[in-house]
Amino acid sequence: MKEDASGKIRVAETVLEKINNNTFDTKGCEHVKDIQVVAPSSQGCEECLKTGDRWVHLRVCLICGKTGCCDNSKNKHARAHYNETGHTMIVSYEPNEDWLWCYTHELGWLPK
Ligand SMILES: [Zn+2]
Ligand SMILES: [Zn+2]
Ligand SMILES: [Zn+2]
């Protein structure tokens, strides 16, 4: 993943590039059109940081950039954010993971 001048990783930009060059075969999911060029809102789970909780893995909302914790984490803040806002596209914010997920379709994509 690339970093911009501010040091924030341009997660969404990287994902959009991969959708546009067909690295992710997202046919059948119209939600990819909603993806915005966002930067992660936080370097940790925003909600867990407020309460002092821990998380397992980080996810970034591709509609607004909200950073939340995964379904293996106690608080599942990334999914809670989807339930609250309907923002359905997320990407992993783990350096060793490269995939895209749509909550509405319950579908994920790995690079081809
Ligand atoms: Zn979808
Ligand atoms: Zn959390
Ligand atoms: Zn969002």
Derived scalar couplings ³J(HN,Hα) [segment 104-111; Karplus, 6.51 cos²θ - 1.76 cosθ + 1.60; whole Hz; x for Gly, Pro]: 4, 7, 6, 10, x, 10, 9, x
Once the other residues with Cβ under 11 Å from the Cβ of residue 104 are scored (Lys, Arg +1; Asp, Glu -1), what is the net sum? -3
Are there cysteines in the chain with no other Cys C-beta under 4.7 Å, and if so, which? 29, 61, 64, 70, 102
Using only Cα atoms, find the angle between the long axis of helix 11-20 and the longest principal axis of the chain, and express it within 0 to 90 degrees, rounded to the nearest 10. 20 degrees
The farthest towards the positive end of the charge dipole of segment 11-109, of the residues 39, 11, 75, given +1 on Cβ of Lys and Arg and -1 on Cβ of Asp and Glu, is 75
Only four residue types carry charge here, +1 at the Cβ of Lys and Arg and -1 at the Cβ of Asp and Glu. Report the dipole size of segment 11-109 about the Cα centre in Debye, rounded to the nearest 20. 220 debye
Once the principal axes of the Cα atoms of the chain are found, what is the range along each, listed largest first in whole angstroms? 40, 33, 22
Lys/Arg +1, Asp/Glu -1 at C-beta; segment 11-109 dipole; positive extreme among 48, 58, 107: 48
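Only the coordinates and a few stated rules stand behind these numbers; no lab work does. For clarity, every value in this text was computed on a predicted model and none was experimentally measured. Here Cβ is always computed from backbone atoms with ideal geometry, including for glycine, and neighbour counts include all displayed protein chains.
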